[in-house]
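> Submitted below is the structure of interest, expressed as structure tokens.
Computed from the coordinates by the stated procedures, all read-outs in this text should not be read as laboratory data. Quantities reported herein were computed from a predicted structural model and do not represent experimental measurements. Positions of Cβ are generated from backbone atoms using ideal geometry, with glycine treated the same way; all protein chains shown enter the neighbour counts.
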Amino acid sequence: MGPSGRFPGGRAWLGSSQVTGSSSNPLSLAGPKLYKEPSAKSNKHIIHNALSHCCLAGRVNEPHKNKILEEMEKSKAHHFLILFRDSSCQFRALYTLVGETEELTRLTGYGPRTISLAMIEGIYKYNSDRKRFTQIPTKTMSMSVDAITIQGHLWQTKKPGTPKKPGTPK
């Protein structure tokens, strides 16, 4: 810019206070916003869709799904996580991540009462376009995580039955 406030080539520079705007701005769109900004504070809507369209889809799962969604609505938590049995993404439980704690607490379903970060084996993100979960290659828990799996040995196996008395020799 030259000493007279002009760019080389003779064009004058206009500051934002010198630009006069018109009331009909062609870049502004009137009407309702159809795009909803993703909220970093809660993933309730994403988990609701994942349960409805992927994990517990179909008429046969409807009572189970409705019970879980009801528990979700009662909860004051903002971040929810689905627990899968293994990498085949079979729904087992719904957990909440409360505050800055390093523990997940079971809200409903089958699984450990609490899960620590050391127990987690796989981390998954829900893809709403494809209506499926994809594994994320990370070990860090963040607000973008929608589902997890835990290490296989942590699942309770069936309790062994009462041992039979050995037969008495004849």
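> Could you please find all residues in the stretch 116-137 being of a type outside the set (Gly, Ala, Ser) and in contact (Cβ under 8 Å) with a residue 60 or more places away in the chain?
Within the stretch 116-137, TYR126, LYS131, ARG132, PHE133 qualify.
> Every residue in the stretch 70-88 that is over 16 Å from HIS48 (Cα atoms) and either of a type in the set (A, V, I, L, M, F, W, C) or surrounded by 16 or more Cβ atoms within 10 Å (Cβ to Cβ) (or both), please.
ARG85
> Next up: Could we say that SER142 is free of Cβ contacts under 8 Å to residues at least 12 places away in the same chain, on the phi < 0 side of the Ramachandran plot and not β-branched (Val, Ile, Thr) here?
Here the answer is yes, as SER142 does meet what is asked.
> Oh, and also: Report whether or not SER52 is among the polar types (S, T, N, Q), part of a loop (DSSP other than H, G, I, E, B) and surrounded by fewer than 20 Cβ atoms within 10 Å (Cβ to Cβ).
Answer is no for this residue.
> Exactly one condition in (1) under 21 Å from MET143 (Cβ atoms); (2) surrounded by fewer than 16 Cβ atoms within 10 Å (Cβ to Cβ); (3) touching a residue at least 40 places away in the same chain (Cβ under 8 Å); (4) not hydroxyl-bearing (Ser, Thr, Tyr) is false for LYS67; which is it?
Of the numbered conditions (1) under 21 Å from MET143 (Cβ atoms); (2) surrounded by fewer than 16 Cβ atoms within 10 Å (Cβ to Cβ); (3) touching a residue at least 40 places away in the same chain (Cβ under 8 Å); (4) not hydroxyl-bearing (Ser, Thr, Tyr), the odd one out for LYS67 is (1).
> Please specify each residue of the stretch 128-144 satisfying the condition of being within 17 Å of TYR95 (Cα to Cα) and surrounded by 13 or more Cβ atoms within 10 Å (Cβ to Cβ).
Within the stretch 128-144, PHE133, MET141, MET143, SER144 meet the criteria.
> Continuing with this model, one more query. Residue by residue through the stretch 111-127, note down the ones that are under 12 Å from the mean Cα position of the chain (by Cα) and exposed (fewer than 13 other Cβ atoms within 10 Å of the Cβ).
none
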